[in-house]
Every structure is written in structure tokens, then in C-alpha cells.
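Here is the structure we will look at, set down as C-alpha cells.
Just so it is clear, none of the values below were taken in a lab; they were calculated from the coordinates. In this text, all values refer to a predicted model and were calculated from it rather than measured experimentally. Cβ placement follows ideal geometry from the backbone for every residue including glycine, while neighbour counts extend to all protein chains displayed.
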Amino acid sequence: MGWFVRYIDDELKHEMVSREFATEEEALEEAWQLAQGDNEIEGIDGPDDEAVPMLEIEAWFEKRTEAGKTESSA
């Protein structure tokens with residue numbers, strides 16, 4: 001079992017689960033992409049009942065946002 005992103009689809013107003021990802025990093029990137037479309041991220045679940053805490057997801061999003069600002073101003 002791999003990594004999955006759980007999110008609320010803004011249009012459907014329904015909880016959805018992403019396709020499976022091989023790594024936590026890939027799942028975080030997918031969560032970021034989903035959040036850009038006004039979807040609400042509920043969590044990221046991995047193998048052996050492992051889950052990424054929302055605080056960690058939010059911190060990753062902040063770093064990703066800063067990286068994007070740096071790239072676009074270069």
C-alpha cells in the first residue's frame with residue numbers, strides 16, 4: 001500500500017481519495033496541487049496506518065509557496 005490524499009472536492013462537496021503514490025513527497029505534491037483548485041485537504045495516509053499530521057502538511061505547503069515565489073521572481 002502506498003500514500004493517498006484525502007480531500008473534499010469543492011464542486012462535489014464530497015470526500016474523495018486520490019490515486020496511490022509511491023512516496024510521501026509525491027502525495028504532498030498532489031495535496032498541494034489539489035489545494036490550488038480550492039479543494040480542502042483532509043489528510044495524507046500511508047502504509048501501515050501511517051498518517052502525515054495536518055501541521056506537517058501545512059508547513060510543507062508554506063515551504064512550497066515560498067519556493068514558488070522565489071522561482072517566479074528569478
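Some notes on this structure:
- In the stretch 16-74, residue farthest from Met1 (Cα to Cα) [restricted to those that are in a loop (DSSP other than H, G, I, E, B) and among the hydrophobic types (A, V, I, L, M, F, W, C)]: Ala74
- Any chance Ile41 is β-branched (Val, Ile, Thr) and within 11 Å of the chain's Cα centre (by Cα): yes
- Selection count, the stretch 7-44, where residues are in contact with a strand residue (DSSP E or B) (Cβ under 8 Å, 6 or more places away or on another chain) and of a type in the set (Asp, Glu): 9
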